[in-house]
């Protein structure tokens, strides 16, 4: 039954299970079992889980998963695990696992303290997308973005030789690339980022602070060397980009 659900439905279920267990949200579980998704959305909104509710409201049935980070920084992995991590360097949010030293793509974030760069509370202040080791787009705290060394604001631009687009609205900057199939949504004002994996071949084949997108939440804290931990700080520190501090 679980395999027949869309990725949005799976993500909502795993997220609620991780946060409340099977006994902590009886109305949600009743409606989810019956697949009454409108009632599930209503219950999620009552529970204050607006992110999961919005994910279901916008569910197109496509096979995608989405990881998020916001504020100081609170993260939600592709498989729905929620945690917070205070770092002071740059960290891999997600990357392909085809080559640890030279991944096909990588999305990283620079974390910095609000009042002091080396003291909490920290925020994500810029985001970098690399493809085949080349910086494709960099997103900044003021919602400007950089392509090929040029900085832009409140506009749209084509990436490279038509490999995607960057476009903006009043709140967000959107980066849509076709190879790999990714959608990044960035709001610098609130230090909020969502990363959507839009190719089913990525599922289980990514790694980083946002997990592996394999649908299993129990092994979410996997470090670059392949081992797992239960310590959030150890996990977060393991994804630090060397030389970024």
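Quick note: the coordinates plus some simple rules give every number you see, no bench work behind them. Because the structure is a prediction, the values reported are computed rather than measured. Reconstructed Cβ throughout: ideal geometry from the backbone, glycine too, with neighbour counts over all protein chains shown.
Using the alpha carbons alone, the radius of gyration of region 2-57 stands to its Kirkwood radius in an Rg to Rh ratio of 0.90. Could you work out the helix-only [θ] at 222 nm for the chain, with each DSSP H run of four or more residues adding -39,500 (n - 2.57) and the total divided by the number of residues, to the nearest 500 deg cm²/dmol? So the helix-based figure for the chain works out to -5500 deg cm²/dmol. Can you give me the C-alpha center-to-center distance between region 70-94 and region 2-48, rounded to a whole angstrom? Computed from Cα coordinates, the inter-centre distance equals 23 Å.
Highest-first packing order for the peptide set 134-143, 8-17, 185-194 is 8-17, 185-194, 134-143, based on the mean count of other beta carbon atoms within 10 Å. Shape of region 65-238 from the C-alpha gyration tensor: oblate (a/c of 1.5 or more and a/b not above b/c, with a ≥ b ≥ c the square roots of its eigenvalues).
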